[in-house]
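Before any comments, here is the structure.
The values are calculated or read from the model by the stated rules, or taken from the named source; none is laboratory data. If you're wondering where the values come from, they're calculated on a predicted model, not measured in any experiment. Note that each Cβ is placed from the backbone with ideal geometry, even for glycine, and that neighbours are counted across all protein chains shown. Ligands, DNA and RNA are excluded from the accessible area calculation, which covers all protein heavy atoms including side chains. Shrake-Rupley method; radii C 1.70, N 1.55, O 1.52, S 1.80 Å.
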Amino acid sequence: MRDGVRFLLGNETRELESVDPTLTVLRYLREVERRMGTKEGCAEGDCGACTVVIGEPGPDGMRYKAVNSCIQFVPTLDGKQLLTVEDLAQADGTLHPVQDALCDTHASQCGFCTPGFVMSLYAQSINGEKPARSELKDILAGNLCRCTGYGPILDAGDRMGDRPAPVPADASDTLNAWAGEAVTISGKGRRFHAPASGDELAELYEQYPDALIISGLTDVGLWVTKQHRDLVHLISLGKASDLTTIDVADGHVSIGAGVTIADAHAVLGEHFGDLGELIRRFASLQIRNAATVCGNIANGSPIGDLPPALIALGAELTLRRGSVRRTLPLEDYFIEYGRQDRQVGEFVEAVRVPLLPEGRRFRCYKLTKRFDQDISAVCAAFAFSLKDGTARDVRICYGGMAGTPKRAGAAEAVLEGAEWTEEIIRAAMVALESDYTPMTDMRGSADYRMVSAQNLLLKTYLETTDRKDETRVLETQGGGT
Amino acid sequence: MTSAPATNENIRGAVHTSSIHDSSHKHVAGTAVYIDDIPELPGTLQVYIAMSTRPHARLASLDLAPVRSAPGVACVLSAADVPGINDASPVMGDDPVFAETEVCYVGQSIFAVAAPSIDEARAAAGLAVIEYEDLEAYLTVDEALAAKSFVLPQMKMKLGDAAQALETAPNRHSGRMRIGGQDHFYLEGQVAYAVPGEDADVHVYSSTQHPSEVQHNVAKVLGVPDHAVTVELRRMGGGFGGKESQPALMAAIAALVVRNTGRPAKVRLDRDDDMEMTGKRHDFVIEHDVAYDDDGVIQGIEFMQAARCGMSADLSGAICDRAMFHSDNCYYLQNATITSHRCKTHTVSNTAFRGFGGPQGMVAIERVMDEIALQTGRDPLDVRKANLYGTGDRNVTPYHMTVEDNVAPELIEELETSSNYRARRATIREYNAAGNILKKGIALTPVKFGISFTNTFLNQAGALVHVYKDGSVHLNHGGTEMGQGLFVKVAQVVAQEFQIDIERVKITSTTTAKVPNTSATAASSGSDLNGMAAQAAARTIKERLIQHAIDAHNVPREQIVFLPNRVRIGNEEMSFADLVNEAYMARVSLSATGFYKTPKIHWDPMTGRGRPFYYFAYGAAVSEVIVDTLTGENRVTRVDILHDAGQSLNPAIDLGQIEGGFIQGMGWLTTEELWWNDAGRLMTHAPSTYKIPACSDRPDDFRIAIWDKGRNVEDTIYRSKAIGEPPLMLAISVLSALTDAVASVGGYKLLPDLDAPATPERLLAAISGLKARAAS
């Protein structure tokens, strides 16, 4: 295990022997490096003003992704390349084409969000593909602008690829030479470990069960920036490369603990239809690039977007302590608000989702005030089979309706084996009232949650009958009448 | 479209051209300097402001000893440590820097801690022992109205006899709506950096729209003359009204730390503290009682407007006045009585926000239009057109100002055609009749917005222009740059006057040391006022250059012509720089101030009569929406805008203001919901919970045009019109379109109960309510 962390800032090597493991990358850039181009807008990964690009060596060369520097901790940069807005211009001051395009389209007003937009567009530019308008909106969903109304920024994005764009010098040789080694670092009385494999991780966590396991930091980062909690010992999944596998085999999709939501997006979308759209609306690209599927489960949030869908799909969780593994149905992991079935020293190692058998129906929905980058008031998922006009193996799970993601046992019972009719659906809608007693908060009142949850069941019905109506405002194409 | 290249015939950056924002290169390169980017001097202290956790309580005891002895703490300040006056208010003296005996909202500043790092300061602040004795708290407009709790006296405006009209008209309806507030969500939060000088001087870098007021407040708090305080800023990362009065608190506390420690000090609020501590757009309750004839023409109307001002007056007086001034929007009300209540609540003191009360006043009258249309069965556009101000008659406002520049009828007509409104409306009706779960709606709403500060004395501005020997120009004025493009517009004016390329004009930081006694950059007045002041300064210097040329070259005045980057004197041409150098050698002063005050305006609040506005800015928008009747989810699918910018100084900048203003208004009326819990705490205090529009909320089909016939009948800077605020109110068309979509559920017979913001939850409730009412 190596002491200290090592990364590239632009093309320069940085070696830190000691650092506060909870020092955010944003604060490091501004306070230590005095790179002032990267801005703090919210310190919670919701506005994108702090967006930076992280380069990592992969089997096919360097991969670059945009992340929120405000909730990343410096030690997680180990073995990576950090690129900021200062790295884009040529030595002679010539701007990068994405920067030029933003000038030409009058895409900055106050300019405070602009470096973040630059970096989101830059990440896309390096990765090569010229995005369609709809993709561009997804790429920029995590960047808020309060001045422009976004039109000129989208216009600038549309120009991507019009001119050859420089890409960063390939740093894989340097970074590969550093790879594969576990690291540790301390500072300000806090410790950080990044074991290099799942086995090392299991051993370390068994030894230090009071440590906090981190990966994408999209939740834990906020414990520091928002709740100002003192996290004294962190164990990162970030270097355990054997935990980052996605397998499709034996009728299941298996997702390791270190797999980011961005990396799982395509596979889950391919096999589970609606889940792809749900993930498209899961936070923002910057968050999905960092956050893990298993982290969204492990932290036990009642409003995490993935658990309701995965529970409806019948997913299983693998937990590991030392060399001992156990599996349990995902729904059993959530005991009550703030309490999960995870023993001391045990961590979530993987989630396994059974593929949908032929004819199995699956729908999921996310209700929010804003479509993109918002947390659900209600998240709903429905999986069932229709055989001879009757419903079989009905699994319904909602988020936002209880202290945990929770199945709708009463509604399922009404529907199980019943004829698939609007009448029976309406009966199941009534049954939801005995399944849930939702709360009122800033995302929605108890009434709204219940009524909309009921209506989503009706929507599922309408979408699985012969009706040809449009049922989703997001799927209505293009502009107006 | 960037600046056109300079030619023999044209300078770069002339007026009426789309010069790019002067800072755009720096914005995209990350080199634009905001207050928090200024290199910190050695010894700089970071300041944390400790806030009240109670909405209304007596401060029974405040023990700061544990804070003082915490690691790193350099100083701890509370009300007792204020050497001057403990007030950071703009007008009324009711915004204490630190609470004294009572706290009046959750988030109110109680004390401040300075330490080398913000982490130490925040941690130390948590050690304070505060005992509260809770007092009765009014959190809502309704509670304040019931308790007769007001920050300022009630106001009334009266035209004709509304009561009589209500008695006699054939149709009469009344209603009540709530209009939510809005957080500014400037991307750069509130920040001030204060640096000690000689004597008791302090230099404050403040992210503010109102440097002079910050200067005055800092001096007042320190107990020093205004001359001891200099306030400076190059740019803000967004303002929107939120940095008009609010920055005084942060600046005053930073300056107090400087005074107490002799060390530089920075106050930078994080997003959550900013959203809890600082004021927002006022939420309103507006009741109406309207009488109209069978064609839907209003015969008389009474409005009761009640605003939640919060714990102090701040700018609420002028904001509530402006809500009253815009309760007519584009419509002749004939007989109108408008009553305004300025409610005092134990919530944050609400403040300026783009539109400054105008939007709330307008939302109410547009809802009345929708109501009349549903009651009479007419197209809402026809009802709106029937009620528009006339051009020769029917043109007196409820404040007895005659509308002399009414272009609304012409502009609306043009937009109705270009947007294909009628045909689309018919298609939408067919779509909705087909029984779909999704319903569509469409609406055209106009905007007429009064331009001038309604406090007449504020309509003044100053500028300072130096021409250096090499012909380059230093431009300074009292306006502030918050992204709106003021600086480039004023630079265009100066470039135009001297006929030099805009790059020859250096745009410089706003500072109270160069131009004193400025008004806030607010009320959309920035270019109108500062453009004129800078023009005056440039013309003074230009006149001296001309006089010099007449004398030195012995040619008559009419033979001196300023051509692009050169001057023709008789039969000779010389470069502008050469003429300047010649004038310098001849000992001609090449520095001048300029001053401007808006003519014609006056307003008497006692009688409710006058001409508060120099002119009006107009626009109109057609919005189309689609609503999911099962969930309330919705999307704005197409927007057409036609906006009157007069003869635009910079069309690209103005288009940016129109689009940005519209989207910000759309956010206000749809997704941006401020939500307080029962204990009076704002729970939506970060972007995770407070949802401003994101990229994908922008309509896929968005057609914006600046009205090509636009011209200002008044003698404004190059006949342009103010652009900052008016476009925000174009977004009222979204609310009306949502109303139209929901009304389809009730067969277009009933007005949906739809308050703002029209969140999915409110839309679903309106749909359910309408279904129930239609069935009964």
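Observations on the model:
- Taking residues in the stretch A:184-199 that are of a type in the set (D, E, K, R), and partners anywhere that are assigned to a strand (DSSP E or B), the pairs with Cβ atoms closer than 8 Å and at least 6 places apart or on different chains are A:R190/A:H233; A:R190/A:L234; A:R191/A:T184; A:R191/A:I185; A:R191/A:H233; A:R191/A:L234.
- Those helices (runs of 4 or more DSSP H) of the stretch B:332-422 in which 3 or more residues are under 22 Å from B:N712 (Cβ atoms) and modelled with pLDDT of 95 or more occupy B:408-418.
- Matching entry among B:L187, B:L127 (being modelled with pLDDT of 95 or more, surrounded by 14 or more Cβ atoms within 10 Å (Cβ to Cβ), within 14 Å of chain A (Cβ to nearest Cβ) and over 23 Å from B:Q246 (Cα atoms)): B:L127
- Looking only at the stretch A:225-283, and only at residues there that are of a type in the set (S, T, N, Q) and within 14 Å of another protein chain (Cβ to nearest Cβ), the one that is surrounded by the most Cβ atoms within 10 Å (Cβ to Cβ): A:T225
- Within the stretch B:229-257, restricting attention to residues that are among the polar types (S, T, N, Q) and surrounded by 24 or more Cβ atoms within 10 Å (Cβ to Cβ), the residue that is nearest to B:T521 (Cα to Cα) is B:S245.
- Filter result for the condition that a residue is at pLDDT below 95, open to solvent by 10 Å² or more (accessible area, probe 1.4 Å) and not acidic (D, E), over A:Q72, A:Q109, A:Q90, A:Q124: A:Q90
- Filtered by the rule that a residue be of a type in the set (A, V, I, L, M, F, W, C), facing another protein chain (nearest Cβ under 7 Å) and part of a helix (DSSP H, G or I), the stretch A:108-121 gives a lone residue, A:V118.
- Unique residue being outside any loop (DSSP other than H, G, I, E, B), of a type outside the set (F, W, Y) and more than 23 Å from B:E188 (Cβ to Cβ) when the list is A:K130, A:K137: A:K137
- Identity of the residue in the stretch B:194-208, assigned to a strand (DSSP E or B) and touching a residue at least 60 places away in the same chain (Cβ under 8 Å), that ends up nearest to the other protein chains (Cβ to nearest Cβ): B:Y205
- Within the option set B:I412, B:I451, B:I502, B:I437, being crowded, with 22+ Cβ neighbours inside 10 Å and more than 30 Å from B:G238 (Cα to Cα) holds for one residue only, B:I412.
- So B:Q360, is it open to solvent by 10 Å² or more (accessible area, probe 1.4 Å) and touching a His at 6+ places or on another chain (Cβ under 9 Å): no
- Filtering the stretch B:281-336 to residues that are β-branched (V, I, T) and open to solvent by 20 Å² or more (accessible area, probe 1.4 Å) leaves only B:V297.
- Applying the condition of being assigned to a strand (DSSP E or B) and either without any contact (Cβ under 8 Å) to a residue 40 or more places away in the chain or within 7 Å of chain A (Cβ to nearest Cβ) (or both) to the stretch B:628-639 and asking which residue is farthest from B:E416 (Cα to Cα) yields B:D628.
- Single unsatisfied condition, B:G84 versus (1) over 25 Å from the mean Cα position of the chain (by Cα); (2) under 30 Å from B:E136 (Cα atoms): (2)
- Any chance B:R234 is away from chain A (no Cβ under 14 Å) and of a type in the set (D, E, K, R): no
- Among (1) within 9 Å of chain A (Cβ to nearest Cβ); (2) within 29 Å of B:E633 (Cα to Cα) - the single one B:A652 does not satisfy: (2)
- Contact map, the stretch B:658-679: residues that are more than 25 Å from B:E136 (Cα to Cα) and at pLDDT 95 or above paired with residues that are open to solvent by 10 Å² or more (accessible area, probe 1.4 Å) and outside any loop (DSSP other than H, G, I, E, B), Cβ distance under 6 Å, separation 6+ or inter-chain. Pairs shown: B:I658/B:I704; B:E659/B:I704; B:L669/B:L735.
Condition check ((1) at pLDDT 95 or above; (2) surrounded by fewer than 21 Cβ atoms within 10 Å (Cβ to Cβ); (3) facing chain B (nearest Cβ under 10 Å)) across all residues:
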{"residue": "A:T421", "(1), (2), (3)": "yes, yes, no"}
{"residue": "A:I425", "(1), (2), (3)": "yes, no, no"}
{"residue": "A:D441", "(1), (2), (3)": "yes, yes, yes"}
{"residue": "A:S445", "(1), (2), (3)": "yes, yes, yes"}
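- Qualifying residue in the stretch A:462-475 (condition: at the interface with another protein chain (Cβ under 10 Å from one of its Cβ atoms), open to solvent by less than 30 Å² (accessible area, probe 1.4 Å), part of a helix (DSSP H, G or I) and not basic (K, R)): yes
- Listed by position, the strands (runs of 3 or more DSSP E) inside the stretch B:431-486 whose residues that are away from chain A (no Cβ under 14 Å) and within 30 Å of B:Y421 (Cα to Cα) number at least 2 are B:438-451.
- Take the conditions (1) part of a strand (DSSP E or B); (2) open to solvent by less than 10 Å² (accessible area, probe 1.4 Å); (3) within 30 Å of B:E410 (Cα to Cα); B:W603 misses just one of them, which is (2).
- Filter result for A:L83 (buried (at least 22 other Cβ atoms within 10 Å of the Cβ), in contact with a helix residue (DSSP H, G or I) (Cβ under 6 Å, 6 or more places away or on another chain) and within 14 Å of another protein chain (Cβ to nearest Cβ)): no
Condition check ((1) open to solvent by 10 Å² or more (accessible area, probe 1.4 Å); (2) assigned by TED's automatic domain parsing to the domain that holds B:P757; (3) among the β-branched types (V, I, T)) across all residues:
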| site | (1), (2), (3) |
| --- | --- |
| B:A620 | no, yes, no |
| B:I626 | no, yes, yes |
| B:N634 | yes, yes, no |
| B:F662 | no, yes, no |
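- Note on the stretch B:135-166: residues that are in contact with an Asp or Glu (Cβ under 9 Å, 6 or more places away or on another chain) and among the basic types (K, R) total 0.
- Residue in the stretch A:122-146 that is farthest from the other protein chains (Cβ to nearest Cβ), counting only those that are free of Cβ contacts under 8 Å to residues at least 60 places away in the same chain and closer than 16 Å to A:G55 by Cβ: A:G128
- Taken over the stretch A:408-442, the residue count meeting the criterion of being outside any helix (DSSP H, G or I) and within 16 Å of A:T460 (Cα to Cα) is 6.
- Among the residues of the stretch A:27-77, those identified as in a helix (DSSP H, G or I) and hydrophobic (A, V, I, L, M, F, W, C) are A:L29, A:V32, A:C70, A:I71, A:V74, A:L77.
- For A:G480, the stated conditions hold: it is facing another protein chain (nearest Cβ under 10 Å), in contact with a strand residue (DSSP E or B) (Cβ under 6 Å, 6 or more places away or on another chain) and of a type in the set (G, A, S).
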